[in-house]
Amino acid sequence: MIIEENNAKSSLKTIAFEDGFTVMYLQNETTEKQQIAKRVDASFIQFHFCVKGSAIFIFNEGRYTLPLLDEKSLLLYNPQRELPINITVAPKSWVVSVLVSIKKFHTLFSEEASYVDFLMDENTDKKYYQDGSISPSMAVVLSQILNFNLNPSVKHIYLKGKLYELIALYFNRPDEVDVEQCPFLADEDNLRKIRNAKEIILKNMAEPPGLQELSDEIGLSLKKLKEGFKEVYGDTVFGFLLDYKMEYARKLLETGSHNVNEVGLKVGYSTSSHFIAAFKKKFGTTPKKYLMSLTPST
């Protein structure tokens, strides 16, 4: 089932794939706030992602509110009572919401229930709330959800697959750090060095230092740099950097202030063909086609 409400500058879509699995996304390109309300019963887990701008969730007739800021996520679940969606979306803001029934969710994590806090037996009847940041990998998938352009015969299966991928990435947090197994992470000085390494590569993303140069600059051995970065950020140094560069490039393209060649140069690609290939591998489309997808058809 698809519900669409469109005007020249805003679009609200709700797609129910099957019993217990729905996605709702709103792209508000107007200069006015937009209010969205939807009844959701107590059996549903809610995932909300602010791709751009901001929004506010309103509860108990306005007596309680929760902000959802740019590039942030919000998970809500209350098995004791209905938790209707009442959201005010700010101008120039995009929000994606995924609703999954607890029954459906259990089938996704049937063998790994202990990995998700609210699926554990002792938390069965407890309400659950979690806010967090949208990782670069999640941002890629959210962009694909909002901007895909496929034949109608396959778009549902594509979108459903992307939503599963989004949920998987949401819960793909690095395991709790075992200080006994990784004692150097218990040292605040080492953690500071790992964070410094991240700042250095992001600041110099067009021409990042090599791993050995980076380890020398932060004063940490190459082995500890590799291990520590993976523990703290859940990816290799250059895997993390690539995700960041592609997300940065996507946002530059959206501004409309730079052409494809200029964006490629800004993120470190000397030839446009290499940038286009990297962008397509990450987003599933070329920069040019991505830009075209952002332009409403007339």
Requested in this report: Can you tell me the relative contact order of region 183-234? Whole percent, Cα pairs under 8 Å, sequence separation 6 or more.
Outcome: 38
Requested in this report: Any chance you could run the full-extension gain for LYS127 through SER43? It's 0.36 nm times the residue separation minus the Cα-Cα distance, nm to one decimal.
Outcome: 29.1 nm
Query raised in the report: How much length is gained if the chain between GLU254 and ASN204 is pulled fully straight, taking 0.36 nm per residue apart and subtracting their Cα-Cα distance, in nm to one decimal?
Result: 15.8 nm
**Report entry** Amide H contacts under 5 Å for LYS72, placed H, 5+ residues apart
**Finding:** CYS50, ILE134
**Report entry** Cβ-based exposure ranking for PHE57, PHE49, in which fewest neighbours within 10 Å come first
**Finding:** PHE57, PHE49
Query - Hz values of 3J(HN,Hα) by residue in region 272-277 - Karplus curve (6.51, -1.76, 1.60), Gly and Pro given as x - result: 5, 5, 5, 5, 4, 5
Report task. Rank these for me by crowding, SER153, SER133, going from fewest to most other beta carbons within 10 Å. Result -> SER153, SER133
Query - Residue-by-residue Karplus 3J(HN,Hα) for region 55-62, coefficients 6.51, -1.76, 1.60, Hz, glycine and proline x - result: 8, 9, 8, 10, 10, 6, 6, x
Query raised in the report: Could you put GLU71, GLU82 in order, starting from the residue whose Cβ has the fewest other Cβ atoms within 10 Å?
Result: GLU82, GLU71
Report task. List every residue whose amide H lies under 5 Å from the amide H of THR236, counting only residues 5 or more places away in sequence or on a different chain, with H placed 1.01 Å from N in the peptide plane. Result -> none
**Report entry** J(HN,Hα) series, region 20-29, from Karplus relation 6.51 cos²θ - 1.76 cosθ + 1.60, nearest Hz, glycine and proline x
**Finding:** x, 8, 9, 10, 9, 9, 10, 10, 9, 9
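Where a number appears in this text, it was derived from the coordinates with a stated rule and is not lab data. Model, not experiment: these values are computed from the prediction. Backbone-built Cβ (ideal geometry, glycine too); neighbour counts: all protein chains shown.
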